[in-house]
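The values are calculated or read from the model by the stated rules, or taken from the named source; none is laboratory data. Remember, it's a predicted structure, so these values are computed and weren't measured experimentally. In case anyone asks, the SASA skips ligands and DNA or RNA and just uses the protein heavy atoms, side chains included. Shrake-Rupley method; radii C 1.70, N 1.55, O 1.52, S 1.80 Å.
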Amino acid sequence: SDAAEIFRNKIRNTNPRHDWKGSGIHEIEYYMQHVRGLGYSGGTPWKKMPLAPGPALEGKRPYIGLCNGRFKDAMWDKKEWPYFKELADTARRYFDATIIGVGQTGELNGVALDIDYTGALEITETAKVISQLDILVTTDTGNMHIADALHTPMVALFGGTLLSKNAH
């Protein structure tokens, strides 16, 4: 239809004013420039994440979540952080914390977890767990973005990723 073609042309002709790789602006703002180029004049929408009803965390607070984001792919190997075992041991010793693992199967092999949800939850269940954490320590993962959307305090460890792409 004519309306669809006009819309496609408008998208092709929107030219964001910045290249996020060199600009230091967050990737969300970079892409919102496309949306604004189509006529949207509002602010950046709030990120939302649906939550499953469970699981409910139990144990001693603080709840410290760990997520290593390790995949069996050469690109992701450089994003892996090799010190989660030491971090878990230290956090348990100094904070008497409950250490909780989230993410994919095998991400936290060898890490002493009090609750191990790696590879065990659907995404909305993982979000429910992340929403209950006192802090999440993660590499550059989807779970990092979930924690951001849920306003869960986190430490995001970046290796081979441009900080300007994901940092606020």
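Accessible area per residue, 1.4 Å probe, Å², for the stretch 97-163: what's the number?
Roughly 41 Å² per residue, with all protein chains present.
With all pairs of different alpha carbon atoms counted, what Kirkwood hydrodynamic radius in Å does the stretch 62-153 show?
Result for the stretch 62-153, one decimal place: 13.0 Å.
List the aspartates and glutamates whose Cα sits under 14 Å from the Cα of K48, skipping any in the same chain fewer than 8 residues away.
Excluding near neighbours in sequence, the set is D148.
Which aspartates and glutamates, if any, have their Cα less than 14 Å from the Cα of K79, not counting same-chain residues under 8 positions apart?
Of all the aspartates and glutamates, those that pass the test against K79 - Cα under 14 Å, at least 8 places apart if same chain - are E107, D140.
Between G69 and residues 5 or more places away or on another chain, which pairs have amide H atoms under 5 Å apart, with H built 1.01 Å from N, and which residues are they?
It is Q104, T139, by chain and number.
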